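The values are calculated or read from the model by the stated rules, or taken from the named source; none is laboratory data. What you see is a predicted model; the values in this text were computed from it and never measured. Cβ placement follows ideal geometry from the backbone for every residue including glycine, while neighbour counts extend to all protein chains displayed.
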Amino acid sequence: MGTEQDELALVDVCRSFDGRPALTDVSFTVRPGRTTGFVGANGAGKTTAMRIVVGVLAADSGRVELGGRPLTPAVRRRFGYMPEERGLYPKMTLADQLVYLGRVHGLDAATARRRTGALLERLGLADRARDLLQTLSLGNQQRVQVAAALVHDPVLLVLDEPFSGLDPLAVDAMAALLRERADAGVPVLFSSHQLELVERLCDDVVIVDRGRVVAAGPAERLRADRAGRRLRVVVDPGVDDAGVRASEPEGAPTGVAAFLDQVPGVSVRSQTGHVVVVDLAEDADDQALLAEAQRHGRVRELTPVRPSLAEIFREVVR
């Protein structure tokens, strides 16, 4: 497994283009042995940050480190990078260009051929090894692009939208391959607009909005931190805990609004029949909510709700 020395860290990274900020004080870590999902809207700064990590762009200020040490060209050559703009050679065979790229990264010919064969086998392309890249479907070309990032056994993986355009079987094969690299101790950073996929695959998540990090950390922690302020409430209206029909104060709202309206700091997120999901402000009292709910019916359920990554994304990206 990886060690603390293998951790990638971006610290207060800034970058502007023609005076317009693309990244502002961006800081986050990519830990060894873990997959980190990098998410944000189009133009949020994900690709710029990735290019700075691998050295395609330079930061205006801040720093990028691996194991607490500044990155050098020699260290960056050991990274695996899949750019947003795919860059393989369409008129070379799959095997020839993967072997060539392995040699560029310092592998001897035998090792490059062995690793090429193993990767093509894992990605379901062994029978296409002698085909030209341009004869493959876009999805299969995507698989080859990932193989190119992996062929030299990198110490860090940085992948920009690696799952774009893949069918479900190809997604599963690639996800298993990335998980295998993470389990071997490699820090894995990848961007994706498919939030459900990020939630399924990633240990950690970094959300960036307009060039700033707005949320970062273990995916489960991000969900759990918001679970305490979101509740699912199920009430049988008009019946209290003793089975007696409750009376409404004259002029008060009825139904769900009858109790929500009485508690400061409570807002309805969704409602289906007698089931309502509410968000609580920081100063809201969940016990006051419960007491008010009991006044207007039998409370069947009052439980925390863990939001999905998509819901968290919508909350923090305005």
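Within the range 71-87, the set of residues being more than 21 Å from the chain's Cα centre (by Cα) and exposed (fewer than 14 other Cβ atoms within 10 Å of the Cβ) comprises THR72, PRO73, ALA74, GLY87. Among the candidates GLY106, GLY87, the residue that is out of contact with any Leu (no Cβ under 8 Å at 6 or more places or on another chain), at pLDDT below 95, assigned to a loop (DSSP other than H, G, I, E, B) and at positive phi is uniquely GLY106.
Picking from ARG298, ARG318, which residue would you name as being charged (D, E, K, R) and within 11 Å of VAL233 (Cα to Cα)?
Values: ARG318 fails: within 11 Å of VAL233 (Cα to Cα).
Within the list ARG298, ARG318, the selection yields ARG298.
Within the option set ALA170, ALA176, ALA147, being within 18 Å of the chain's Cα centre (by Cα), in the same structural domain as HIS105 (by TED's automatic domain parsing) and small (Gly, Ala, Ser) holds for one residue only, ALA176. Quick one: in the range 20-46, of everything that is in contact with an Asp or Glu (Cβ under 7 Å, 6 or more places away or on another chain) and of a type in the set (Lys, Arg), which residue is farthest from LEU195 (Cα to Cα)? Among residues in the range 20-46 that are in contact with an Asp or Glu (Cβ under 7 Å, 6 or more places away or on another chain) and of a type in the set (Lys, Arg), the one farthest from LEU195 (Cα to Cα) is ARG31.
Conditions (1) surrounded by fewer than 22 Cβ atoms within 10 Å (Cβ to Cβ); (2) at pLDDT below 95; (3) assigned by TED's automatic domain parsing to the domain that holds ILE312, marked per residue:
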| residue | (1), (2), (3) |
| --- | --- |
| LEU8 | no, no, no |
| PHE17 | yes, no, no |
| ALA22 | yes, no, no |
| SER27 | yes, no, no |
| GLY37 | no, no, no |
| ASN42 | yes, yes, no |
| VAL53 | no, no, no |
| ARG69 | yes, yes, no |
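Restricting attention to the range 99-125, the residues that are without any contact (Cβ under 8 Å) to a residue 12 or more places away in the chain and under 30 Å from the mean Cα position of the chain (by Cα) total 2.
Going through (1) assigned by TED's automatic domain parsing to the domain that holds HIS105; (2) assigned to a strand (DSSP E or B); (3) more than 30 Å from LEU71 (Cα to Cα) one by one, ARG232 falls short only on (1). Within the range 184-202, the set of residues being surrounded by fewer than 14 Cβ atoms within 10 Å (Cβ to Cβ) and either of a type in the set (Val, Ile, Thr) or over 21 Å from PRO307 (Cβ atoms) (or both) comprises just one member, ALA184. A search for C-beta distances below 8 Å between a residue of the range 66-92 that is farther than 20 Å from THR48 by Cβ and any residue that is in a loop (DSSP other than H, G, I, E, B) and small (Gly, Ala, Ser), counting only pairs 6+ apart in sequence or on different chains, returns ARG77/GLY106.
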